[in-house]
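Here's the structure we're looking at; comments come further down.
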Amino acid sequence: MNLIKNSKSIKVGAFLLVIVLLIATFFDLKISTFVYNPQSLFGQIMEACGEFPASLIAMFSSMGLWFTSPNRKKWFVAVGYGILTILFSFMSAMLPSHYFGWNITVMIILTILYVSISYYLCTKIKSEYLSVFRKACIIGLLMFVLQILTVTGIKMVWGRERYRNMFPNLELFTPWFLPQGFTANNEFMSFPSGHSANAAMLIWLTLVPRFTSFNKKLCTILPIIWIIMVPFSRIIMGAHFLSDVTFGVTITLFYFLLLKNKYMRQV
């Protein structure tokens with residue numbers, strides 16, 4: 001039954017993806033021109049907070065992998081997962097700091113807080129669910145790493161200029177399906193959207209009810225809302241086009257489905 005349900009969901013998702021890409025192919029520039037508002041408070045807040053939950057999930061997954069490891073008392077296991085946990089925790093504290101002006105002291109305090117809360121949450125997971133929890137953590141960590149590498153790699157070889165950088169010289173616009181060549185300039189890394197890919201990481205929450213008593217509907221609704229809000233905000237801010245955010249979300253969801261099918265197909 002689950003396989004049939006998942007198959008239908010994938011078909012519906014693929015159909016919606018094709019529709020959105022068709023719209024983006026013909027109306028990318030018009031949509032961006034219509035909604036562009038760099039002074040938008042909503043856009044600024046989402047720009048600051050939109051992607052940091054992704055590194056929180058990676059951090060919690062690293063902590064969970066150490067916590068559930070049969071060799072967690074061995075020093076090299078503790079050091080390895082400890083480095084990843086602290087690294088991703090600091091990343092979660094650092095990402096919003098660029099927008100909110102937090103100093104290093106605030107970031108360190110947040111890092112310690114994130115790690116402490118993650119450890120506490122791990123201790124609250126019942127022993128009979130630890131194997132499922134470990135699989136979810138594997139998915140969370142791999143999904144984060146894979147989408148980061150994929151999105152960054154495509155950005156650098158695609159070289160698409162951001163709307164905000166070309167405005168008001170809109171004749172510089174290029175469609176999403178025409179790569180412009182290698183770049184290291186952030187203003188030419190519009191395709192695909194990193195914020196949107198990171199926002200889609202919140203789909204990991206749909207796994208949480210499998211190893212906790214969290215409400216299943218809430219863990220489904222929250223990711224959907226976030227995955228809509230963050231990409232829309234990126235178009236408003238002129239950082240990306242509809243096609244950029246669509247591909248960003250799709251890349252992460254693709255890895256999620258791939259990893260979920262591999263590690264939690266029978267769960």
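Placing unit charges on each Cβ (+1 for Lys and Arg, -1 for Asp and Glu) gives the chain a dipole about its Cα centre, and among T183, T33, L149 the Cα reaching farthest toward its positive end belongs to L149.
Once C-alpha pairs closer than 8 Å and six or more residues apart are averaged by separation and normalised to the residue number of region 27-263, the relative contact order reads 29 percent.
For the chain, the share of alpha carbon pairs falling in successive 10 Å distance bins from zero is 7, 27, 34, 22, 9, 1, 0 percent.
With K and R counted +1 and D and E -1, the other residues having a Cβ less than 14 Å from that of M166 yield a net charge of -2.
Phi-derived couplings, Karplus 6.51 cos²θ - 1.76 cosθ + 1.60 at θ = phi - 60°, listed residue by residue for region 242-248: 4, 5, 4, 6, 5, 5, x Hz, with x used for Gly and Pro. Each residue of region 87-103 was assigned a 3J(HN,Hα) from its phi angle through the Karplus expression (A = 6.51, B = -1.76, C = 1.60, θ = phi - 60°), giving 4, 5, 5, 5, 4, 5, 7, 7, 3, x, 4, 4, 8, 9, x, 5, 8 Hz with x at Gly and Pro. Is region 1-98 best put as rounded, prolate or oblate by its Cα gyration tensor, with a ≥ b ≥ c the root eigenvalues, rounded for a/c under 1.5, and otherwise prolate when a/b is larger than b/c, oblate when not? Oblate is the answer for region 1-98, as a/c is 1.5 or above yet b/c matches or exceeds a/b. Between the residues V79, I57, L202, the greatest Cα displacement towards the positive end of the dipole of region 27-263, with unit charges on the Cβ of Lys, Arg, Asp and Glu, is found for V79. Scanning residues 5 or more positions from Q180 or on other chains, those with amide H under 5 Å from its amide H are G159, R160, with H placed 1.01 Å from N in the peptide plane. Between Q44 and I83, the simple label model (points 7 Å from Cα in the Cβ direction) yields a spacing of 3.9 nm. Distance between the 7 Å Cα→Cβ label points at F173 and A14: 3.1 nm. Residue ranges 236-247, 176-187 sort as 236-247, 176-187 when ordered by packing (mean number of other C-beta atoms within 10 Å per residue, highest first).
Using only side-chain charges placed at the Cβ, +1 for Lys and Arg and -1 for Asp and Glu, the dipole size of the chain relative to its Cα centre rounds to 1300 debye. Based on DSSP H segments of at least four residues, each scored -39500 (n - 2.57), the chain has a per-residue ellipticity at 222 nm of -23500 deg cm²/dmol. Length available on full extension from K262 to L218: 0.36 nm per residue minus the Cα-Cα distance, which gives 13.4 nm.
Residues whose amide H lies under 5 Å from that of E51, counting only those 5 or more places away or on a different chain, are absent; hydrogens are built 1.01 Å from N in the peptide plane. Ellipsoid semi-axes for region 106-235, based on the Cα gyration tensor and the rule √(5λ), read 37, 16, 15 Å when sorted largest first.
Amide H contacts of M189: R162, each under 5 Å away and 5 or more positions distant or on a separate chain (H built 1.01 Å from N in the peptide plane; Pro and chain starts excluded).
Each reported figure results from applying straightforward, stated rules to the coordinates on display, with no laboratory input. Because the structure is predicted, anything quoted here is derived from the model rather than measured. For neighbour counting, all protein chains shown are included, and Cβ atoms are generated from backbone atoms with ideal geometry for every residue, glycine included.
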